[in-house]
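Taken together, the values in this text are just the output of simple stated rules run on the coordinates, not laboratory data. Keep in mind the model is a prediction, meaning the values are calculated, not measured. All Cβ positions, glycine included, derive from the backbone under ideal geometry; neighbour counts span all protein chains shown.
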């Protein structure tokens, strides 16, 4: 019966097994709270001291605390550097924002002889946060100084003899660490993902985010617009401002007197709410002659007009 009840909850709410068990425990506690007064009324009245009341209340609070939904992990705002996950201590993982339980799993895995051989192996740690992995991915460097054993066939003994490469202490073995090469400034409105990825703090995902925002703008008109891009931290924004420039007039402009509804809606500063208002005003009052006409639209504040100014022609 309980198994069927679990299936109903999981299918209806889309809960995991852990969340389903928590709901069932919570229902049980609620049921006890509901029937407790009735059971108590059927029992002989017994004087209970204040101390006993407090103890019972504390016990109930403890039960409810156990069935609370797990809190979401929040990660500190830190500047990442290249690192080898096989060499981090538990305390260093905690500094990244991992909780004690997950950091302990990694520590136990390494103590038992486990090894991260590629970046993706981190995701095999149970409950390792996906968003933290995405933030760390481009900084993960797996140092590989181990040599695989080989087997050589011994014709005299007619068998394979196991041997192992010896480590030469006189030879220098270096790991491949992420290095940021000297970057020549480039046009923010012409750059592709490969150029953006040369900058510190920008990987494939963030490069695509920048390009998508640029397309919605029709091109950047000011480097200050970099601050508007959601998902970039201060390191990425500073890199963009330091190593990019904007050619004058390299962004697309909209003729506010001839653009149709879809063209106006497509621009990120106008959108689907403001576009019909502009068209209605144009139909009622005629063509826009200057910025002063835009100010007559009450929903357009000074800040919005300043943002639109480089993109509008009359």
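For the range 77-143 versus the range 257-306, the spacing of their alpha-carbon centroids is 50 Å.
Once the cut-off is 18 Å, how many percent of the Cα-Cα pairs in the range 254-313 end up in the long-distance tail? Within the range 254-313, distances greater than 18 Å cover 21 percent of Cα pairs.
Put a dot 7 Å past the Cα of residue 299, heading toward its Cβ, do the same for residue 279, and the two dots end up 1.3 nm apart.
Given a Förster radius of 35 Å and the C-beta distance between residue 268 and residue 123 as r, what FRET efficiency does 1/(1 + (r/R0)^6) yield to the nearest 0.05? Approximately 0.55, to the nearest 0.05. Peptide packing: for 210-221, 22-33, the average count of neighbouring Cβ atoms within 10 Å per residue gives the ranking 210-221, 22-33, highest mean first.
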